[in-house]
1. Only helices (runs of 4 or more DSSP H) wholly contained in the range 5-114 count here; list those with 2 or more residues that are at pLDDT 95 or above and open to solvent by 40 Å² or more (accessible area, probe 1.4 Å).
2. Under the condition of being over 24 Å from residue 75 (Cα atoms) and small (Gly, Ala, Ser), which residue from the range 115-146 is most open to solvent (accessible area, probe 1.4 Å)?
3. Could you give every pair whose Cβ atoms fall below 8 Å, whose first residue belongs to the range 69-96 and is under 17 Å from residue 121 (Cβ atoms), and whose second residue is open to solvent by 90 Å² or more (accessible area, probe 1.4 Å) and part of a loop (DSSP other than H, G, I, E, B), counting only separations of at least 6 or pairs across chains?
4. What number of residues in the range 40-64 are within 21 Å of residue 86 (Cα to Cα) and touching a Leu at 6+ places or on another chain (Cβ under 6 Å)?
5. Checking the structure you have, find out if any residue of the range 147-155 is in contact (Cβ under 8 Å) with a residue 40 or more places away in the chain, among the charged types (D, E, K, R) and either touching a Lys or Arg at 6+ places or on another chain (Cβ under 7 Å) or buried (at least 17 other Cβ atoms within 10 Å of the Cβ) (or both).
6. Taking the conditions exactly as written (in a helix (DSSP H, G or I), more than 14 Å from the chain's Cα centre (by Cα) and without any contact (Cβ under 8 Å) to a residue 12 or more places away in the chain), does residue 143 satisfy them or not?
7. Within the set of pairs 6 or more residues apart or between chains, which connect a residue that is more than 14 Å from residue 40 (Cβ to Cβ) inside the range 119-136 to a residue that is among the polar types (S, T, N, Q) and outside any helix (DSSP H, G or I) with Cβ atoms less than 6 Å apart?
8. What tally of residues in the range 123-140 results from selecting those that are of a type in the set (A, V, I, L, M, F, W, C) and part of a loop (DSSP other than H, G, I, E, B)?
Amino acid sequence: MVIGEETVFARLRAARPGVACTSPITGALAGLQALGARRIALLTPYIDDINQMMRNYIEARGIEVPVMGTFNNDNDNEVARISAESLEAAVLDLGNHRDVDAVFVSCTSLRVASLIERLEGRLGKPVTASNHAMAWHALRLAGYRQSVPGLGRLMLL
């Protein structure tokens, strides 16, 4: 995100011309659009400067971010150790706001995919995360259109 999606894609295409590209944020934005999400809760492990950059980046692409939460951690090694229980509690807290129609958990170090279906059941709203959305987007870019049950609403689209 820091150098921009198009810069990353240009570098990939320099080695592999014409290849379809995605990234965690690209997949997330495509997934949120496919889910019809217009106002999301954003959960990150990041510090405030990065959180504000994320919010601005997402909002500049047409999705409002009225609710945010963070674990406020700048150490990626620690971020990877955030427990499933902590992630679940944070997603439920943010997602229960009536101002949002979906939750996006941003960070490729957070292990969220196995929680998504249960969280959606409890919230009644779609939930996705960086790796989850990028995997969905990569499948769609590769032409795979079948549903993947057990991994939440996005994987059914």
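The values are calculated or read from the model by the stated rules, or taken from the named source; none is laboratory data. The model shown is predicted, which means the values in this text are computed figures rather than measured ones. Here Cβ is always computed from backbone atoms with ideal geometry, including for glycine, and neighbour counts include all displayed protein chains. These area figures cover heavy atoms from the full protein model, side chains too; ligands, DNA and RNA do not enter into them. Shrake-Rupley method; radii C 1.70, N 1.55, O 1.52, S 1.80 Å.
1. Details: elements: 5-15, 24-34, 48-59, 76-79, 84-95.
Output list reads 5-15, 24-34, 48-59, 84-95.
2. Only one residue tops the list, namely 142.
3. Here the result reads 84/111; 87/111, each pair linking the range 69-96 to a residue that is open to solvent by 90 Å² or more (accessible area, probe 1.4 Å) and part of a loop (DSSP other than H, G, I, E, B).
4. So the count comes out to 2.
5. Keep residues of the range 147-155 that are in contact (Cβ under 8 Å) with a residue 40 or more places away in the chain, which gives 153-154.
Next, only the ones that are among the charged types (D, E, K, R) stay: 153.
Going one step further and asking which of them are either touching a Lys or Arg at 6+ places or on another chain (Cβ under 7 Å) or buried (at least 17 other Cβ atoms within 10 Å of the Cβ) (or both), we end up with 153.
Within the range 147-155, one or more residues are in contact (Cβ under 8 Å) with a residue 40 or more places away in the chain, among the charged types (D, E, K, R) and either touching a Lys or Arg at 6+ places or on another chain (Cβ under 7 Å) or buried (at least 17 other Cβ atoms within 10 Å of the Cβ) (or both).
6. Numbers: in a helix (DSSP H, G or I): no; more than 14 Å from the chain's Cα centre (by Cα): yes; without any contact (Cβ under 8 Å) to a residue 12 or more places away in the chain: yes.
It is false that residue 143 is in a helix (DSSP H, G or I), more than 14 Å from the chain's Cα centre (by Cα) and without any contact (Cβ under 8 Å) to a residue 12 or more places away in the chain.
7. Correct list of pairs: 131/108; 134/22.
8. Initial filter on the range 123-140 (of a type in the set (A, V, I, L, M, F, W, C)): 123, 127, 129, 133-136, 138-139.
Still in the running and part of a loop (DSSP other than H, G, I, E, B): none.
Residues flagged as of a type in the set (A, V, I, L, M, F, W, C) and part of a loop (DSSP other than H, G, I, E, B) within the range 123-140 amount to 0.
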